[in-house]
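So the structure is just underneath, and the comments pick up after that.
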Amino acid sequence: TLRRPIKQVIANPSDIQRFTNEFYRLARSVSGASASDQLISGVGNFEQLLNLGASDQEPDANDAHIVNIVDWLFQYAFQQRASDIHIEPRREQGSVRLRIDGVLHTVYQFPVQVTMAVVSRLKSLGRMNVAEKRKPQDGRVKTKTPNGNEVELRLSTMPTAFGEKLVMRIFDPEVLLKSFDQLGFSGDDLQRWRSMTSQPNGIILVTGPTGSGKTTTLYTTLKQLATEEVNVCTIEDPIEMIEPSFNQMQVQHNIDLTFASGIRALMRQDPDIIMIGEIRDLETAEMAIQAALTGHLVLSTLHTNDAPSAITRLLELGVPYYLLKATLLGVMAQRLVRTLCPHCKAPVEIDADDWNNLTQPWNAPVPKGAQQAVGCLECRDTGYHGRAGVYEIMLLNDEIKPLIMADTDLVRLKNHAYRSGMRSLRLSGAQKISAGQTSIEEILRVTPQSQQK
């Protein structure tokens, strides 16, 4: 006997046949690639690993088995809705991890020599220098999903102790087709956001950590603003998604094309709307303000924990407070939270103390329709499937602007913003908990604690 618990599941026979063929074909490709290059198997010591790239024992990246593995890797990542593919070499074997809904999952492990060949194949596809293994490189690959949609991947390599690590960021063009409702905007949030983006001139900032969906929000907004009557120009580092209705320019530090010099060039292109990838320094901030003062609508991003902190960050960069008061229309902080899997989520009764800790200092009633993550085959036993945004939108109205000074009190600024209708990220998340869209654990995981009102 197996002496193991048996779980009964129902599966479509055609799906079983398809996945069996797919995974056994992959296993045969891995075995075939390993057998075709036994010369370097068993590499274990550090010096051998460091010299591996310079040796003549490089596996053939164009081997049919390696081509099959790379093709499978792409298709499986698209099927699993992955945003990133990580190929990581280790001493004994290499691992493939996919970032799905913001969390990494290990999906396969290759022998060391197969991992090297897969990385070489991908570098070749990305028009990178296959022979150069000592320094980081960047590349791009275009391919198609099983549905026939064209997808672009941005490649990045990094030398590690056991070989080259490669990460591929997948840019899905379908995100540009999403509505604000699909991004996660509620009615009030959407109204406040549109009140800012409908202004003819000024600066609008979107803040949050890397991977919080800032670029997607800006692209979706620009897509809706980019009518035939306006000229939309962007300066990005790098261009993440190609959109025909934008005029997109990429930062190139090797020829001194920075954000600041790029904005200066864009100003002579008769733009109506300018999108700046990120405000990183005083010079870029000053050029953005200059563009806003001369009648342009400027959208950009910052890395701060919440919306009010964007003002103090700009002041710390050296931006004069009176220019912020004159040009800043508003700031939106955002995070991406995983949404509950519709196939397995289950009702849950939320503890009143946990709910009050989440929503303080607001007095929000404990929701009756809350749901919790369970886990099933559809969601890789995580309990979550897909992501949505939670937002904190601060409009710079007549109550907020007088508080912007050279020594702005951040706590006071936040309190006035709350009184003016700004909801914190956690309160925005609490609304999604009440609607049964996500769990309290997920909101606590991704959002910072709210300040006292």
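What follows draws every value from the coordinates through simple rules; no lab data is involved. Bear in mind the structure is a predicted one, so any value in this text is a computation, not a measurement. Heads up, the Cβs are rebuilt from the backbone with ideal geometry, glycines too, and the neighbour counts pull from every protein chain shown.
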Which Cα, out of M128, Y108, Q17, lies furthest along the positive dipole direction of the chain (beta carbon charges, K/R +1, D/E -1)? Q17
Approximate spin-label separation R264-K178, in nm, with each point projected 7 Å along Cα-to-Cβ: 3.7
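Using the crude model of +1 on Lys and Arg Cβ and -1 on Asp and Glu Cβ, and no other charge, please compute the dipole size for region 230-357 relative to its Cα centre, in debye to 20.
My answer is approximately 240 debye.
When N counts the residues of the chain, how does its alpha-carbon radius of gyration compare numerically with 2.2 N^0.38 Å, as a ratio?
1.11
Using the Cα gyration tensor of region 329-400, with a ≥ b ≥ c the square roots of its eigenvalues, what is the shape: rounded (a/c below 1.5), prolate (a/b larger than b/c) or oblate (neither)?
oblate
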For peptides 164-173, 316-325, sequence by mean Cβ density within 10 Å, most packed first: 164-173, 316-325
Tensor-based shape of region 95-148 (alpha-carbon gyration tensor, a/c under 1.5 rounded, otherwise prolate or oblate): oblate
So which lysines can K178 reach, going by Cα to Cα under 18 Å and dropping same-chain residues fewer than 8 places off? K214, K223
Cysteines, the chain, no other Cys beta-carbon under 4.7 Å: C233
As an exercise, use a Förster radius of 41 Å and the Cβ-Cβ distance of K7 and D354 to find the FRET efficiency, rounded to the nearest 0.05. 0.85
Histogram of C-alpha separations across region 65-165, 10 Å bin width, %: 15, 50, 32, 3
Proximal aspartates and glutamates relative to K414, as straight alpha-carbon distance under 18 Å, when same-chain residues fewer than 8 apart are discounted: D189, D306, E316, E392, D398, E399
Place +1 on the Cβ of every Lys and Arg and -1 on the Cβ of every Asp and Glu in region 175-446, take the dipole about the Cα centre, and give the residue among T438, M196, C233 whose Cα lies farthest towards its positive end. T438
Semi-axes (Å, rounded, descending) of the ellipsoid equivalent to region 282-423 per its C-alpha gyration tensor are 38, 20, 11
Alpha carbon centroid spacing (whole Å) that separates region 329-373 from region 99-127: 36
Dimensions of region 269-345 along principal axes (Cα, Å, largest first)? 53, 30, 19
Charges only on Cβ, +1 for Lys and Arg, -1 for Asp and Glu: so what's the dipole of the chain about the Cα centre, in debye to the nearest 20? 900
In the neighbourhood of D272 defined by beta carbon distances under 12 Å, the net charge of the other residues (Lys, Arg +1; Asp, Glu -1) is -3
Along the positive direction of the dipole of the chain (beta-carbon charges: Lys, Arg +1; Asp, Glu -1; about the Cα centre), which of S245, G389, G139 reaches farthest? G389
